[in-house]
Amino acid sequence: MASNDGPSFSQGTWVADGAAPAGTALAGLDALDLAGRPGGGRGRLALRLWNAFWPKVLAIALVLGIWELITLSGYKKEIFPATGPTLVNLWDQAKTGTLWQALGNTLESAVIGFAVAIVVGTVIGALVSRIYVLRAAVGSLITGLQTMPSIAWVPFAALLFGNNNGAILFLIILGAAPSIANGLITGVDYTSPLLLKAGQMMGLRRLSLWRHLIMPASLPVYVAGLKQGWAFGWRSLMAGELIVLVFNHPTLGELLNNDQSLSDLQSASAIMIVIFIIGIFVDGLFGAADKSIRRRWGLA
Amino acid sequence: MSTNTVTEASAVTLAGVSKVYGRGPTAVQALDKVSLSVAPGEFTCLIGASGCGKSTMLSLVAGLDKPTAGNIAVSGRVAMMFQEPALFPWLTAGANVELALRARGVGRVERRQRTGELLDIVQLGGFGTKRPHELSGGMRQRVALARALAQDADVLLMDEPFGALDAMTRDVLHDELDRITDERNLTVLFVTHNVREAVRLGDRVVVLSSRPGRVLEEFPVAIPAPRRIDSAPVAELAGQITDRLREEMSRHGE
């Protein structure tokens, strides 16, 4: 919590503003409860960043270390990409325009596809969670779609849309939307019956109940659904790009495909590093959103 | 048999109310022909062993559930407090109270002012920006009380609201509740399993039997206010009521 301007939890505050008889304003035993409570982690920003940063640095060092060990062991020396040269390769690719163009195209597809998936998944989730008949009919269908490997949809999408970006967007949406819908449905289901009763007593009905109670109450599970949806969508995107090659539209998947054709394992590994980094970065964004919600709710 | 006459002057009237949960051989009768009339401004405590249908009665009066038989008449608006504060964790204490005003259609400017007043009434002025998890258990119940008051109800239903609090915090809240219900002339139906608490707060203590719940006996509380929960007259009447409860329990072989 960043707000430091609220009143402090000292007894003095109480007695000062207490119009209560004989200064007993809050003098329950549980007032003691507050005295020892820390004011929430308000560490300095730099320290917080460092604390979040160093485990990641350690993880990267660990991966590079294991990689280097395999290189040193001489395993399949002819084709196995050595650590140093692969990183140099990545640097060289970064200096050409193609990698950046491919990255831009891939991220554009990811953002557009995921945005559409959020809308589709949320609308379907909201309808299914509130309408009993729909739930009976569509509920298991959504889970079925979710568990279906996205690569199985590739021929369907390629034939339906042809070799263009539409096929790829279709794959992302199909990959991400079921998880998002399921997240919302589960969130709604887990809304506490006690809070629902309290809301009902307050006079919240239908739309206002949905807006002021059910939606915020399902937010944590919904965000978990978004995170999972992103993971599925990102996988679908990679699968799609590897197979659906769009003319004059380089993508990360297409670069990988080219490297495979050319038996260039080093370049392929460099591209994989890029894909890996994007995955970690986006996961971090969702993690931050999740953490901020939990902190607000007092769960962290 | 109970009489089915509904007195005009009462704030809450239950006439021959029965409630059965489930059907067939597994059906459970929670309430059996309960009749009770609560006058406006009266503080009535309901007491009984667990399973006597106390909470069921409140749910029925609140309109959260429907009786299987009998009639319930309530004059005015009803608000309810639960054993848990049931605050919305994503809202600050102030926003929790404000939402109750908003649900009633109170305008933005008036809402802010009323929220401040209500928090002052429950001695939480200046704590409006805190979130529920930053408050102690007693303070959370105060917010819940402020939220109930925000509904501008005539009848306040309380389902063991202080059951999870320590004795000292509870004492303080008893005093507050006394003051607020007097000031606002609230009609209160207060469920508890603590006999002394019932005698401390109530104008009348209604003892219910268990499985199915019936009104067993009513004890008017004639001890002058303000009462202390540990005073001799309170203890004495509480003793009589406890004896009556024991008698009922042994009849059930519990």
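Cut-off is 10 Å between beta-carbons; in what order do A:138, A:246 appear when sorted fewest neighbours first?
Least to most surrounded, the residues fall as A:138, A:246.
Can you give the angle from 0 to 90° between the axis of helix A:165-189 and the longest principal axis of chain A, with both taken from C-alpha atoms, to the nearest 10?
In chain A, helix A:165-189 runs at an angle near 20 degrees to the longest axis.
Along its principal axes, what span do the Cα atoms of the stretch A:173-234 show, with the longest given first and each in whole Å?
43, 18, 12
Cut-off 10 angstrom, C-alpha nodes, Gaussian network model of chain B. Which of B:104, B:228, B:142 fluctuates the most?
Among B:104, B:228, B:142, the largest GNM mean-square fluctuation belongs to B:104.
Which value, in nm² and rounded to one decimal, describes the direction-averaged projected area of the C-alpha convex hull of the stretch A:137-207?
The number I arrive at for the stretch A:137-207 is 6.6 nm².
Could you work out how far apart the two model spin labels at residue A:248 and residue B:129 are, taking each label as a point 7 Å from the Cα in the direction of the beta carbon, and quote it in nm?
For the pair residue A:248/residue B:129, the computed spacing is 5.8 nm.
Placing unit charges on C-beta atoms (Lys and Arg positive, Asp and Glu negative, everything else neutral), compute the dipole magnitude of the protein assembly as shown about its Cα centre in debye, rounded to 20.
Rounded to the nearest 20 debye, it is 640 debye.
Compute the long axis of helix A:193-202 from its Cα atoms, compare it with the longest principal axis of the Cα atoms of chain A, and write down the angle in degrees, 0 to 90, nearest 10.
60 degrees
For the protein assembly as shown, what are the per-bin percents of Cα-Cα distances with bins 10 Å wide, up to the bin holding the maximum?
All Cα pairs, binned at 10 Å, distribute as 3, 14, 19, 19, 15, 11, 9, 6, 3, 0 percent.
In which sequence would A:210, A:91, A:297 go, from the one with the fewest C-beta neighbours within 10 Å to the one with the most?
Starting with the residue having the fewest Cβ neighbours, the order is A:91, A:210, A:297.
Scan chain A and report its longest stretch carrying no trypsin sites (Lys or Arg not before Pro) that are both in a DSSP loop and have at most 13 other Cβ atoms within 10 Å.
Formally, the longest exposed-site-free interval is A:78-204.
Pick from B:42, B:217, B:110 the residue whose mean-square fluctuation is largest in a GNM of chain B, springs joining Cα atoms under 10 Å.
B:110
State which entries of A:227/B:130; A:227/A:291; A:197/B:66; B:19/B:66; A:197/B:33 exceed 19 angstrom in Cα-Cα distance in the structure shown.
A:227/B:130; A:197/B:33, as the Cα separations exceed 19 Å there.
Translational diffusion coefficient of the stretch B:111-184 at 37 °C, 0.692 mPa s, Stokes-Einstein with Kirkwood Rh over Cα pairs, in µm²/s as a whole number. Spell out each step's value before the answer.
Values: Rh = 12.8 Å.
The calculation lands on 257 µm²/s.
Okay, helix-only estimate at 222 nm for chain B: each DSSP H run of n ≥ 4 adds -39500 (n - 2.57), divide by all residues, round to 500 deg cm²/dmol; what do you get?
-11500 deg cm²/dmol
According to the Kirkwood expression over distinct Cα-Cα pairs, how big is the hydrodynamic radius of the stretch B:76-134, in Å? Spell out each step's value before the answer.
Numbers: mean 1/r = 0.0829 Å⁻¹.
The Cα-based Kirkwood calculation yields 12.1 Å.
Rounded to the nearest 5, what % of the DSSP beta bridges within chain B are antiparallel ones?
45 percent
From the backbone phi of the stretch A:69-84, what are the Karplus-calculated ³J(HN,Hα) couplings (6.51 cos²θ - 1.76 cosθ + 1.60, θ = phi - 60°) in whole Hz, Gly and Pro given as x?
So the Karplus estimates, Gly and Pro as x, are 4, 5, 4, 5, 5, x, 5, 6, 3, 4, 10, 5, x, 6, 4, x Hz.
Only counting other Cβ atoms within 10 Å, I'd like A:92, B:203 sorted with the fewest neighbours first.
Fewest-to-most ranking of A:92, B:203: A:92, B:203.
Hey, what does the equivalent ellipsoid look like for chain A, semi-axes from the Cα gyration tensor as sqrt of 5 times each eigenvalue, largest first, whole Å?
47, 31, 14
Hey, what angle do you get for helix A:215-243 against the long axis of chain A, alpha-carbon based, 0 to 90 degrees rounded to 10?
Once rounded, one gets 0 degrees.
Can you give me the span-like helices of chain B, meaning DSSP H runs with 15 Å or more of Cα extent along the axis and Kyte-Doolittle mean at or above -1.0?
Counting only whole DSSP H runs, the qualifying helices are B:93-103, B:137-150, B:232-251.
Values quoted throughout were computed directly from the atomic coordinates according to the rules given, and no laboratory measurement underlies them. Given the structure is predicted, the values throughout are model-derived calculations rather than measurements. Don't worry about glycine lacking a Cβ; one is built from the backbone with ideal geometry, like all the others, and counts go over all protein chains shown.
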